[in-house]
1. So for the pair D5, K139, with labels modelled 7 Å out along Cα→Cβ, what separation do we get in nm?
2. For region 12-88, state the average projected area of the convex hull of the C-alpha atoms over all orientations, rounded to one decimal in nm².
3. Could you give the length gained by full extension between Y67 and S41, i.e. 0.36 nm per residue of separation minus their alpha carbon distance, to one decimal place?
4. Using the basic label-point model (7 angstrom from Cα toward the beta carbon), what is the A147 to Y80 distance in nanometres?
5. Looking at region 52-105, what % of the alpha carbon pairs are farther apart than 17 Å?
6. Could you work out the relative contact order of the chain? I mean the mean sequence separation of Cα pairs under 8 Å and 6+ apart, divided by the number of residues, in percent.
7. What is the set of long-range amide H partners of L91 at a cut-off below 5 Å, with H atoms built 1.01 Å from backbone N?
8. What's the longest uninterrupted piece of the chain once you rule out the trypsin sites (Lys or Arg not before Pro) that are loop residues per DSSP with at most 12 other Cβ within 10 Å?
Amino acid sequence: MISHDIILRVEELSPDELSEAEKSLCEAARRATYRSYSPYSHFSVGAAILLNNGTIIGGANQENAAYPSGMCAERTAAYYAGAQYPGIPFLMIAIAARDTDGQPLETPVTPCGACRQALLEYEKRSGIPIRLLLAGTKKVYRLPSVASTLPLAFDDF
Ligand code: THU
């Protein structure tokens, strides 16, 4: 038997340790939380993607009475970016959230598995790693790529 250990690098920073570009992307994600439509979960998520042409695309979760028809913030942003700017690589994505009382989360929010899988495809298509900024108000997790967050991802068949 061979045992494989998979290492995940997560950098934990205080918000003031971020670069100016990272700070403004986290702010864009936080602003996007106010465009969430989440009457069912009352959990408002925002995402902001920095494209390789300098454009920032925001997205927020959009829920539906038929629950599975809703969409996460990250994929809302990614699909909009892909549809409006086909082929332009994503450089970074920031994600932020507000809790059910409407307060910005102090701790980082992490993307769901489906969003990781969807983002991974954009990363693989461009060949450029997408940096993740999981933005709490007190601390931020920074990860080097989507691939690092999804070991043993489903790949081409
Ligand atoms: N949500 C996101 O927008 N992104 C995630 O990565 C996790 C969950 C949304 C989906 C739903 O509208 C709400 O948060 C509660 O699950």
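Here, each number is a calculation from the coordinates, and none is a lab measurement. Small disclaimer: the values here were computed from a predicted structure and weren't measured. Every residue, glycine as well, gets a Cβ built from its backbone with ideal geometry; the counts of neighbours run over all protein chains shown.
1. For the pair D5/K139, the computed spacing is 2.2 nm.
2. With the hull built on Cα positions only, its mean projection is 6.1 nm².
3. Using 0.36 nm per residue and subtracting the Cα-Cα distance, I get 8.4 nm.
4. It is 2.9 nm.
5. Value for region 52-105: 47 percent of Cα pairs lie more than 17 Å apart.
6. 24
7. HN-HN under 5 Å from L91: L50, L51, N52.
8. That gives 10-137 as the longest site-free run.
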